[in-house]
Amino acid sequence: DFHIGTAVAGGGHHVDQPYPDPFFNDEEYRYVLAKEFNSLSPENQAKWEFIHPEQDVYNFEAMDAIAKFAKRNRQEVRGHTLFWHSQNPAWLEQGNFSKEELRAILKDHIQTVVGRYKGQVYQWDVANEIFTDGPNPVLRTGPTAQGGNIWLRELGPEIIADAFRWAHEADPEATLMFNDYGVENINPKSTAYYNLIQELLAQGVPVDGFAIQGHLSTRFGFPGGLQENLQRFSDLGLETAITEIDVRMDVPVGQQPTAEQETRQASDYDRALEACLAVEGCNSFTVWGATDKYSWVPVFFSGEGFATVMTDDFDRKPAYFQMRDSL
Ligand code: XIL
């Protein structure tokens, strides 16, 4: 029952994708996706800006293709994501909508997208990255330019419960989750989720799980409290997941990682996998990119890279073998 997943690169026009859409064009990549994984996550293809590019236009082409590919290869799909501050279309962020209109827009989007993939998507990241960073995390109610979430700002925190309820109505079987980065350990941000989720559960809101992205770096060291943290969510009766793990490293331009960096990376990946395997209800472990060839890391973190388990040429790295041996 355990899901080993990867993000499926693509989504079209984004700045970090100067190459033709890998999912539709790279045969070797498609082969690796089908062979090595039993769960696929759309890296961008189900985000608002891709799947809902104009107010009255949905674009299901890429997500449909992923769902079809998954079915054909007996894989499952993770949904990502319905409620986020980032990668929203301009029509939404710059539109001049009343509260009632925004509520209706969100409801329609959630029910349309979740409903379309009913029975095919086993977990949805309903709400993504809703808390701010730092020692005192709060819900992201600020301006969009400062990382604010349009739904939280315009509609208030109660909209979170509605988002989960609408998703549940559209697919009662899907596991509905919160997802965030920087929540590997027991820390203020993960505790903010722990508290919020308990409040929502007490109100009968259909929250099923807590997901940890897991964007790690060999520079920072492994978040040693991961298992304990997963366990406390599991103890609430929730499912947990690692949804976007990668382990990046600092490598000067034109150079390759050292053997020590690769060993360290392998250990970090494997410790995360083992933590998940050790906790009841952690049934899904997804790497954010199968190969360095299409990793988002070098684009977003300058001077860093080599964060996935396969090289540009699909050579398996120590991280791949170490995790394989743990399964
Ligand atoms: C990233 C993708 O990998 C990039 O291709 C895209 O340009 C930006 O978003 N947290 C998330 C993911 O929840 O959706 C992000 O994915 C990485 C951080």
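None of the figures in this text is laboratory data; all of them are computed from the coordinates on show. The model shown is predicted, which means the values in this text are computed figures rather than measured ones. Neighbour counts are summed over all protein chains in view; Cβ atoms, including those assigned to glycine, are modelled from backbone coordinates with ideal geometry.
Give the relative contact order (percent, whole number) for the chain; include only Cα pairs under 8 Å separated by 6+ residues.
Working: 617 pairs, mean separation 50.2, N = 327.
After rounding, I find 15 percent.
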| field | Principal-axis tilt of helix 27-36 within the chain, Cα atoms, nearest 10 degrees | value | 90
| message | Take Glu100 and Phe314, extend 7 Å from each Cα along the Cα→Cβ direction, and tell me the distance between the two endpoints in nm. | response | 5.5
| task | Under a 10 Å cutoff between Cα atoms, tell me which one of Val114, Val309, Val138 has the largest fluctuation in the Gaussian network model of the chain. | result | Val138
| message | Given the range 148-250, report the % of alpha carbon pairs whose separation exceeds 21 Å. | response | 39
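Give me the net charge of Lys118's neighbourhood, meaning all other residues with Cβ under 9 Å from the Cβ of Lys118; Lys, Arg count +1, Asp, Glu -1. Could the numbers behind the result be given before it?
Working: positive: Arg116; negative: Asp171, Glu173.
Around Lys118, the surrounding residues sum to -1.
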| query | Taking only the alpha-carbon positions of the range 46-197 and ignoring solvent, what does the Debye formula give for the base-10 log of I(q)/I(0) at q = 0.12, 0.15, 0.18 Å⁻¹? | reply | -0.51, -0.80, -1.12
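May I ask what percent, to the nearest 5, of DSSP beta bridges between residues of the chain are antiparallel? List each step's numbers first, then the result.
Numbers: 5 of 39 bridges.
Restricted to the chain, the bridges split so that about 15 percent are antiparallel.
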| message | What percentages make up the Cα-Cα pair-distance distribution of the range 42-126 when the bins are 10 Å wide from 0? | response | 17, 52, 24, 6, 1
| Working out 0.36 nm times the residue gap between Arg30 and Glu93, then minus their Cα-Cα distance, what length gain in nm do you get to one decimal? | 19.3 nm
| query | For the range 182-198, what does the Karplus curve 6.51 cos²θ - 1.76 cosθ + 1.60, with θ = phi - 60°, yield as ³J(HN,Hα) per residue in whole Hz, taken in order and with x for Gly and Pro? | reply | x, 10, 5, 8, 6, 8, x, 6, 5, 6, 4, 5, 4, 6, 4, 4, 4
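Counting only C-alpha contacts under 8 Å and six or more residues apart, can you give the relative contact order of the range 247-327 as a whole percent? Can you show the working numbers first?
Values: 105 pairs, mean separation 31.3, N = 81.
This gives 39 percent for the range 247-327.
Which whole number in µm²/s is D for the chain by Stokes-Einstein, with the Kirkwood Rh taken over Cα pairs at 4 °C and 1.567 mPa s? Mind dumping the intermediate values first?
On the way: Rh = 20.0 Å.
Estimated via Stokes-Einstein, D reaches 65 µm²/s.
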| said: I'd like the Karplus ³J(HN,Hα) series for the range 318-325: coefficients 6.51, -1.76, 1.60, θ = phi - 60°, whole numbers in Hz, and an x wherever there's a Gly or Pro. | reply: x, 4, 4, 5, 5, 5, 4, 5
| query | Counting only residues 5 or more places away or on other chains, whose amide H sits under 5 Å from the amide H of His3 once H atoms are built in the peptide plane? | reply | Ser284, Phe285
| query | When the Cα centres of the range 243-305 and the range 49-122 are compared, how far apart do they sit, in Å? | reply | 27
| field | Rounded to whole Å, sorted largest first: equivalent-ellipsoid semi-axes of the range 250-326, Cα gyration tensor | value | 23, 13, 11
